[in-house]
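Trainee: After the structure tokens below, expect a handful of questions from me.
The values are calculated or read from the model by the stated rules, or taken from the named source; none is laboratory data. What you see is a predicted model; the values in this text were computed from it and never measured. No Cβ is skipped: glycine too gets one built from the backbone with ideal geometry, and neighbour counts run over all protein chains shown. Accessible surface areas use protein heavy atoms only, side chains included; no ligands, DNA or RNA. Shrake-Rupley method; radii C 1.70, N 1.55, O 1.52, S 1.80 Å.
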Amino acid sequence: MEVGRIVKVSGPLIVAEGMAKSKMYDVVRVSDKNLIGEIIELRGDLASIQVYEETSGIGPGEEVVSTGMPLSVELGPGIIEGIYDGIQRPLDKICEVSGDRISRGIQVNAIDRDKVWEFVPTAKKGDQVSQGMVIGTVQETEVVLHKIMVPIGLSGEIVDIKAGSFKVEDTIAVVKDANGEKHNVCMLQKWPVRRGRPYQEKLSPKTPLITGQRVIDTLFPIARGGVAAIPGPFGSGKTVVQHQLAKWADAQIVVYIGCGERGNEMTDVLNEFPELIDPHSGKPLMKRTVLIANTSDMPVAAREASIYTGITIAEYFRDMGYSVAIMADSTSRWAEALREMSGRLEEMPGEEGYPAYLGSRLAEFYERAGQVKVLGGNGVEGSITAIGAVSPPGGDLSEPVSQATLRIVKVFWGLSASLAYQRHFPAIDWLQSYSLYADKMSEWYSDELGDDWMACRASAMRILQEESSLKEIVQLVGMDALGAQDRLTMETAKSIREDYLHQNAFHEIDTYSSLKKQLLMLKLILEFDARGREQLDKNVDIEDIIELPVREKIGRAKYIPENKIAEFDDIFKEIKSEMVALSNEGEI
């Protein structure tokens with residue numbers, strides 16, 4: 001244990017001397033207040049330390065004690081339903097100890113040491129096991145079966161394993177390695193947050209993460225194991241989109257990181273998630289969720305750790321073979337923490353004061369997502385889908401964090417202030433956004449939904465592009481100057497925008513649409529468009545087509561419940577009969 005002395009205090013940055021034996025990213029305890037910090041720079045015997053707590057009242061000459069260990073998270077039964085701060089301190093336990101305000105230097109175990117879990121072995125005495133192999137299970141919540149794995153770096157023969165009730169630090173198995181040395185295995189593991197957990201093989205993502213949000217699933221899908229960014233200005237709905245994805249995406253585990261967001265937004269998450277019912281299991285959503293709440297009033301340095309804490313917990317559940325979705329809200333606040341610490345370290349600044357290594361740090365985070373074959377898993381696959389919100393000042397996407405993120409991610413859901421002002425939510429701009437996964441997943445869509453899906457998607461995007469071009473003409477000479485075919489294009493595009501892409505997150509039915517319902521809704525709009533063009537070829541007046549009563553039913557199709565999906569057949573029949581009636585009237 002190395003003891004140094006503080007020589008400089010600059011906000012969350014402390015410089016200590018006498019730290020020659022320390023290593024980068026070692027955790028230290030600062031002063032008699034026991035503040036937690038992490039070494040981020042070493043020069044000779046001088047160590048620069050970012051402190052994850054308020055440093056007021058700390059001065060030169062006070063002690064700094066190195067633990068000799070990197071910043072790590074505790075992994076084991078008891079993580080699910082946890083609400084942690086950026087360095088994995090459980091907020092509910094802290095509240096019990098220190099009240100509503102977090103006391104400085106407080107130390108609380110991330111995982112309850114006294115809680116008893118029922119361990120059920122899946123391996124037996126004499127089995128050969130390797131790192132990452134599952135040796136037993138614990139029913140952590142009604143929905144999550146927690147798999148107990150052999151710690152990374154250990155392999156050998158099980159010489160003892162027992163079923164029963166244990167605390168997380170109790171020995172559940174003994175493994176003898178190749179040298180004949182015996183190792184006790186317990187349910188609690190620790191892992192350094194800045195190092196990715198190993199896996200056998202990284203795979204190319206080929207299946208979509210179904211979110212139930214039509215603009216995402218249809219136009220800009222994200223693959224299971226993919227990475228996406230949601231940039232947008234203040235008030236454009238980033239947080240609501242992330243809440244929707246956390247609620248409805250078909251991931252088995254959700255890790256939600258509130259990284260430097262306003263306190264009221266995190267409060268909404270903390271109040272809402274425990275009351276939300278998970279549509280997949282009928283149980284509360286918190287039964288498969290981990291929350292990391294790191295608000296703007298916490299020291300800026302703590303934001304930097306929160307992203308790594310979240311992704312490490314996500315990797316742990318991925319290694320069990322689960323599909324994990326991780327939401328980071330927002331990476332801009334995390335980048336601001338990097339900028340502040342870089343400035344205090346007096347490093348040469350890059351663009352807009354951000355450090356020159358901003359892009360590589362972002363890439364380090366996002367590359368830990370992906371679909372992988374897990375260690376010791378007989379071909380078992382797990383995935384992490386990472387979705388990061390970006391908050392560019394004034395919605396300016398040319399700023400460094402947005403640009404660095406766009407170079408990494410393959411899905412861009414660009415939120416538009418003008419759509420938000422029009423009360424069109426989700427305010428994802430269909431002309432700016434893109435997904436590089438859509439074509440790779442076309443085979444999956446064809447197998448599951450038939451060839452119609454990709455064809456309908458292409459038609460919808462073409463119509464929206466055409467509308468954008470026609471709008472310029474309309475602004476110059478008015479709608480009446482357009483031909484009948486172009487008028488119908490404008491009406492179809494309006495229907496796609498208002499009846500399909502617009503989705504009410506707070507409506508009990510419209511909040512989620514299955515892929516089958518999405519396809520039927522889009523087919524209704526395109527069917528009306530196709531039959532309308534047939535009528536125009538028969539010289540039917542465009543106004544008569546636009547005013548058909550069935551259009552109201554097309555607009556209200558989003559409110560048809562999933563269990564009454566057969567009602568779509570009736571609307572298809574009405575479109576056909578009303579269009580036929582139009583041409584018959586023309587003949588008369």
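Trainee: Given Cβ point charges of +1 (Lys, Arg) and -1 (Asp, Glu) and nothing else, what value in debye, to the nearest 20, does the dipole of the chain about its Cα centre take?
Mentor: Dipole about the Cα centre, nearest 20: 1680 debye.
Trainee: Any chance you could run the full-extension gain for ASN584 through GLN485? It's 0.36 nm times the residue separation minus the Cα-Cα distance, nm to one decimal.
Mentor: 33.6 nm
Trainee: Rounded to the nearest 500 deg cm²/dmol, what is the calculated helix-only ellipticity per residue at 222 nm for the chain, with -39500 (n - 2.57) per DSSP H run of length n ≥ 4?
Mentor: Helices in the chain give a 222 nm mean residue ellipticity of -10000 deg cm²/dmol.
Trainee: Between SER56 and LYS471, how high is the FRET efficiency from 1/(1 + (r/R0)^6) when r is the Cβ-Cβ distance and R₀ = 45 Å? Nearest 0.05.
Mentor: 0.20
Trainee: Also: Straight distance only, please: which lysines reach the Cα of LYS238 with their own Cα at less than 28 Å, same-chain residues fewer than 8 apart left out?
Mentor: Straight-line reach from LYS238, under 28 Å: LYS206, LYS247, LYS283, LYS287, LYS410, LYS440, LYS471, LYS494, LYS516, LYS517, LYS558.
Trainee: Assuming R0 = 30 Å, can you tell me the calculated FRET efficiency for the pair GLU547 and ASP451, based on Cβ-Cβ distance, to the nearest 0.05?
Mentor: Efficiency computed from Cβ-Cβ geometry: 0.35.
Trainee: Translational D (Stokes-Einstein, µm²/s) of segment 76-217 at 10 °C and 1.306 mPa s when Rh comes from the Kirkwood sum over C-alpha pairs?
Mentor: 89 µm²/s
Trainee: Another one. Tell me the angle of helix 331-344 to the major Cα principal axis of the chain, expressed in degrees between 0 and 90 and rounded to the nearest ten.
Mentor: 40 degrees
Trainee: Another question, if that's okay. Counting only heavy atoms of protein chains, what accessible area per residue, in Å², does segment 214-301 have with a probe of 1.4 Å?
Mentor: Roughly 28 Å² per residue, with all protein chains present.
Trainee: Can you list residues whose amide H is under 5 Å from ASP429's amide H, if they're 5+ apart or on another chain and H is modeled 1.01 Å from N?
Mentor: Amide H neighbours of ASP429, under 5 Å, 5+ apart: GLY414, LEU415, SER416.
Trainee: Going by alpha carbons, how many degrees (0 to 90, nearest 10) lie between the helix axis of 567-587 and the longest principal axis of the chain?
Mentor: 30 degrees
Trainee: Ignoring ligands, DNA and RNA, what accessible area per residue does segment 23-149 give at 1.4 Å, in Å²?
Mentor: For segment 23-149, the solvent-accessible area averages 44 Å² per residue.
Trainee: Show me, for segment 352-358, the HN-Hα J-couplings you get by feeding each phi into the Karplus relation (A = 6.51, B = -1.76, C = 1.60, θ = phi - 60°), rounded to Hz, glycine and proline as x.
Mentor: Each residue of segment 352-358 in turn: 6, x, 6, x, 5, 8, 4 Hz.
Trainee: Hey, another quick one. Evaluate E = 1/(1 + (r/R0)^6) for ASN184 and CYS95, where r is the Cβ-Cβ distance and R0 equals 25 Å; express this FRET efficiency to the nearest 0.05.
Mentor: After rounding to 0.05, the efficiency reads 0.15.
Trainee: What is the spread of the Cα atoms of segment 448-527 along each of their three principal axes, largest first, in whole Å?
Mentor: Reported extents, whole Å, longest axis first: 43, 32, 16.
Trainee: Further, regarding this structure: Output ³J(HN,Hα) for segment 379-391: one whole-Hz value per residue in order, computed from phi by the Karplus curve 6.51 cos²θ - 1.76 cosθ + 1.60 with θ = phi - 60°, and x for Gly and Pro.
Mentor: So the Karplus estimates, Gly and Pro as x, are x, 5, 10, x, 8, 10, 9, 9, 10, x, 7, 10, 10 Hz.
Trainee: Rounded to a whole number, what % of the accessible area of the chain do carbon and sulfur atoms account for, probe 1.4 Å?
Mentor: Of all accessible area on the chain, carbon and sulfur atoms account for 49 percent.
Trainee: When we measure straight from the Cα of LYS176, which aspartates and glutamates land under 15 angstrom away, once same-chain ones fewer than 8 places off are left out?
Mentor: Reachable aspartates and glutamates: ASP127, GLU157, ASP160.
Trainee: I've got another one for you. Taking the Cα centre of segment 192-349 as origin and charging only Cβ (+1 Lys, Arg; -1 Asp, Glu), how large is the dipole, in debye to the nearest 20?
Mentor: Rounded to the nearest 20 debye, it is 460 debye.
Trainee: Ok, one more. Ratio of alpha-carbon Rg to the 2.2 N^0.38 Å globular estimate for segment 317-450, to two decimals, please.
Mentor: Ratio of Rg to 2.2 N^0.38 Å for segment 317-450: 1.27.
Trainee: If the cut-off is 13 Å between C-alpha atoms, which aspartates and glutamates fall inside it for LYS33, apart from same-chain ones fewer than 8 positions away?
Mentor: GLU53, GLU54, GLU62, GLU63
Trainee: Moving to a separate point now. How far is helix 263-272 tilted off the main Cα axis of the chain, in degrees rounded to 10, range 0 to 90?
Mentor: 80 degrees
Trainee: Among (i) 86, 65, 47; (ii) 97, 57, 41; (iii) 133, 60, 54, only one was calculated for this model; which label is it, if the read-out is Cα extents along the principal axes in Å?
Mentor: The value matching this structure is (ii).
Trainee: Next question, about the same structure. Using only the heavy atoms of the protein chains and a 1.4 Å probe, how would TYR357, TYR84, TYR421 rank by accessible area, largest first?
Mentor: These residues rank, largest area first, as TYR421, TYR357, TYR84.
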